[in-house]
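No value in this document is a laboratory result; all are computed from the given coordinates. The shown structure was predicted, so the numbers you read here are calculated from the model rather than taken from an experiment. Here the Cβ positions follow ideal geometry from the backbone for every residue, glycine too, while neighbour counts run over all protein chains shown.
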Amino acid sequence: MADKLTPERRSWNMSRIRGKNTKPELLVRRLLHAKGYRYRLHGKAGAIRLPGNPDLVFAGRRKVIFVNGCFWHFHDCRVGLHAPKANAEFWAAKRSRTRDRDANQRSLLEDAGWQVLTVWECELKDSSTLETELVRFLETGR
């Protein structure tokens, strides 16, 4: 199936997709801030840059949180398993590289002594369960 948009319009659309301060990330940040948690943003642990630029860094706890979009990071939910029909080979390769990069960055962080939690976009629908999971992650192993 051919793309319904011109290459220029598709490029413009794709350029508007943000990597920082996304709606899912802002929702998680608001929830944690309201619970009294303080954090640094986008991979900064003081003067140190962490692998993968985690969305939220809790340096004193040595914990990080990634907030991932299901489609872009190839989650195993309905949205993440959806494969684009236009330019299918490109998208399959791109999403596979993203999944491999995520796994590598997680390994690097864990090897350096950091605990890692990934929050998926689809998990944001149930805020009470999400809140419980976030608090459990941040309060265990202190």
Non-local residues with an amide H under 5 Å from the amide H of K63, with H modelled 1.01 Å from N and Pro and chain starts lacking one, are F58, Q115
For 103-112, 89-98, ranked highest to lowest by mean beta-carbon neighbours within 10 Å, the order is 103-112, 89-98
The number of Lys pairs in the stretch 20-139 whose alpha carbons lie under 26 Å apart, excluding pairs fewer than 8 residues apart on one chain, is 16
Once the dipole of the chain is set up from charges on Cβ (+1 Lys and Arg, -1 Asp and Glu), the residue from the list L134, A93, A45 lying farthest towards its positive end is A45
In degrees rounded to 10, the 0-90 angle between helix 127-139 Cα long axis and the longest Cα principal axis of the chain is 50 degrees
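Determine, for D76, D55, the number of other Cβ atoms within 10 Å of each Cβ, and report the residues in order from fewest to most.
D76, D55
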Along the dipole axis of the chain (charges at Cβ: +1 for Lys and Arg, -1 for Asp and Glu; origin at the Cα centre), the most positive-end residue among N104, W114, P54 is P54
Quick calc, the chain, dipole around Cα centre from Cβ unit charges on Lys, Arg (+) and Asp, Glu (-), nearest 20 debye, gives 500 debye
Computed over the chain: longest principal axis from alpha-carbon atoms vs helix 23-34 long axis, angle to nearest 10 degrees, is 10 degrees
Summing -39500 (n - 2.57) over every DSSP H run of at least 4 in the chain, dividing by its residue total and rounding to the nearest 500, the 222 nm mean residue ellipticity is -13500 deg cm²/dmol
